1. Could you tell me how many of the residues in the range 5-41 are open to solvent by 30 Å² or more (accessible area, probe 1.4 Å) and on the phi < 0 side of the Ramachandran plot?
2. Just wondering, is there one or more residues in the range 162-180 that are more than 18 Å from Gly416 (Cβ to Cβ), open to solvent by less than 20 Å² (accessible area, probe 1.4 Å) and modelled with pLDDT of 95 or more?
3. Looking at the range 83-98, is at least one residue touching a residue at least 60 places away in the same chain (Cβ under 8 Å), away from the ligand (no atom under 16 Å from the Cβ), closer than 27 Å to Leu22 by Cβ and not assigned by TED's automatic domain parsing to the domain that holds Ser174?
4. Please state which of the following conditions Ser174 fails to meet, knowing it meets all the rest: (1) away from the ligand (no atom under 16 Å from the Cβ); (2) in contact (Cβ under 8 Å) with a residue 24 or more places away in the chain; (3) out of contact with any helix residue (DSSP H, G or I) (no Cβ under 9 Å at 6 or more places or on another chain).
5. Under the condition of being closer than 25 Å to Lys226 by Cα and in contact with a Gly (Cβ under 6 Å, 6 or more places away or on another chain), which residue from the range 91-122 is surrounded by the most Cβ atoms within 10 Å (Cβ to Cβ)?
6. Return a yes/no flag: does the range 123-138 have any residue that is β-branched (Val, Ile, Thr), closer than 30 Å to Phe412 by Cα, open to solvent by 40 Å² or more (accessible area, probe 1.4 Å) and in a loop (DSSP other than H, G, I, E, B).
7. Do any residues in the range 109-125 that are more than 16 Å from Phe271 (Cα to Cα) have Cβ atoms under 6 Å from those of residues that are part of a helix (DSSP H, G or I) and near the ligand (Cβ under 10 Å from one of its atoms), where the two are at least six apart or on different chains, and which pairs are they?
8. Which one of the conditions (1) open to solvent by less than 40 Å² (accessible area, probe 1.4 Å); (2) at pLDDT 95 or above; (3) of a type in the set (Val, Ile, Thr); (4) touching a helix residue (DSSP H, G or I) at 6+ places or on another chain (Cβ under 6 Å) does Ile382 fail to meet, given that it meets all the rest?
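The values are calculated or read from the model by the stated rules, or taken from the named source; none is laboratory data. Source: prediction; values computed, not measured. Cβ placement follows ideal geometry from the backbone for every residue including glycine, while neighbour counts extend to all protein chains displayed. Protein only, heavy atoms only, side chains kept; ligands, DNA and RNA dropped before computing areas. Shrake-Rupley method; radii C 1.70, N 1.55, O 1.52, S 1.80 Å.
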Amino acid sequence: MSKQKKFLLQENEIPTQWYNILADMPHKPLPPIHPATKQPLGWEDLAHIFPAECAKQELNTTDRWIDIPEEVIEKYKFYRSTPLVRAYDLEKALDTPAHIYFKNESTNPLGSHKINSALAQCYYCKQEGTTNVTTETGAGQWGAALAYAAKIFGLSAAVYQVKISMLQKPYRSSIMRTFDAVVNGSPSMSTRAGKDILTADPNHMGSLGTAISEAIELATTTPHCKYVLGSVLNHVALHQSIIGLEAEKQMQMAGEYPDMVIACFGGGSNFGGVAFPFMRHNILEGRTTEFIAAEPESCPKLTRGKFQYDFGDEAGYTPLLPMFTLGHQFKPANIHAGGLRYHGAGMIVSQLIKDGLMHGVDIPQLESFRAGILFAQTEGIIPAPESSHAIAATIREALKCKETGEEKVILFNLSGHGLIDMSAYDQYINGDLQNYSISDKEISDNVAQLEQII
Ligand SMILES: *Cc1c(COP(=O)(O)O)cnc(C)c1O
């Protein structure tokens, strides 16, 4: 009998509600607080910066299911469902008894999962009468998705792209500009935050933290302009739950249920997206699926960060968020997985780690590229350098299964393709890339600074 490789849903089987894990968490995250008053923030406070509906979703701890607006579902149909694929050839190359599945979020025209939330956020902006949106982007996947979503909902977009990533991945700026977005390298001289950062360090190559500061500053000083974010926040993970909800149905079609769910981790949106719908069965029904978030060795907030209130950005414009963090002024090494170069973890994930419902692993840069290339050579898809961290973690687990003979079912999320990251592959193949690890002292020095500020 021929083996089925790919599982897809019909259009009418695409989920019509997102899953909100906040409603089911055994301990809710601590609230975001105002940096000056130290008081918990209400959605009205957040709505000064964010679209109001997103601000409400951010703090919604009661509704387990939230309707996806019909117009967003219509746009989802452009590219959803995305395939769930059994990685037979990768399994064979690893000689593992594990069953490896991946959810392929790289198949939409923008190439990553980010579009799932970009469409939702731009839709709400449009509904609320916002005309301009601004945001940050690392490697540029979020900026590309946002530029596209803004265009189709008739909004103007301004994007601050981390300077190092802009140089490493020039074509992502081209994509954004194709959709009429204005793109600035961050830190830039166009904002006060950018000027301050460049004054202190003229060679600063940017981080997601610097770009977020600049985008928020633009949003708060421009009429009818909202700031939108592609990761970290609760409402972004909510929108991304479409990934796991589809995967749940598709795993059923495959006649299996995952023993492990793995995703790479920047701020947690693709991880939350694929993991939370499965995690609800652990919380509500006592299932024992293991959840693993794969972060880069050079930016290890989950495995080596400290749990405490911190800013989401470099300049300290955001509310204080309770999270595992390396300190908002942490400067991650210039690795190629630009989307993973962020100092903190989302509030939900941070609480889930404290509650033992999931854990992180850290992956050296060279191991991630080795894994990405094996995946390309077996499954025919060149993964984003971010996604390769999930592949590397999956390979580690599959090789453990080979040792023990266990036939575990592993599901990982392929968050994006790497076709605009080929210069990174060239560098790896030429032997020009290296690992970056950080010392305990660097981490504790950064976190100590934080304790003085906050
Ligand atoms: C942005 C991005 C990530 C990291 O962000 P998360 O919010 O942690 O998912 C990972 N992979 C790709 C392809 C990305 O674009």
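1. In the first step, residues of the range 5-41 are kept if they are open to solvent by 30 Å² or more (accessible area, probe 1.4 Å); the result is 5-6, 8, 10-13, 16-17, 26-28, 30-31, 34-40.
When the remaining residues are screened for being on the phi < 0 side of the Ramachandran plot, the result is 5-6, 8, 10-13, 16-17, 26-28, 30-31, 34-37, 39-40.
Summing the residues that are open to solvent by 30 Å² or more (accessible area, probe 1.4 Å) and on the phi < 0 side of the Ramachandran plot in the range 5-41 gives 20.
2. No, the conditions are met nowhere in the range 162-180.
3. Looking for residues that are touching a residue at least 60 places away in the same chain (Cβ under 8 Å), away from the ligand (no atom under 16 Å from the Cβ), closer than 27 Å to Leu22 by Cβ and not assigned by TED's automatic domain parsing to the domain that holds Ser174, one finds at least one in the range 83-98, hence yes.
4. Here Ser174 meets the rest and fails (2).
5. Ranking the qualifying residues of the range 91-122, first place goes to Lys114.
6. Step one: filter the range 123-138 for residues β-branched (Val, Ile, Thr), giving 130-131, 133-135, 137.
Imposing the further condition that a residue be closer than 30 Å to Phe412 by Cα reduces the set to 135, 137.
Narrowing the set further to residues that are open to solvent by 40 Å² or more (accessible area, probe 1.4 Å) leaves none.
Within the range 123-138 (the criterion being β-branched (Val, Ile, Thr), closer than 30 Å to Phe412 by Cα, open to solvent by 40 Å² or more (accessible area, probe 1.4 Å) and in a loop (DSSP other than H, G, I, E, B)), the answer is no, since none of the residues qualifies.
7. Leu110/Ala144; Leu110/Ala145; Ala118/Ala145
8. Against the list (1) open to solvent by less than 40 Å² (accessible area, probe 1.4 Å); (2) at pLDDT 95 or above; (3) of a type in the set (Val, Ile, Thr); (4) touching a helix residue (DSSP H, G or I) at 6+ places or on another chain (Cβ under 6 Å), Ile382 comes up short only on (1).
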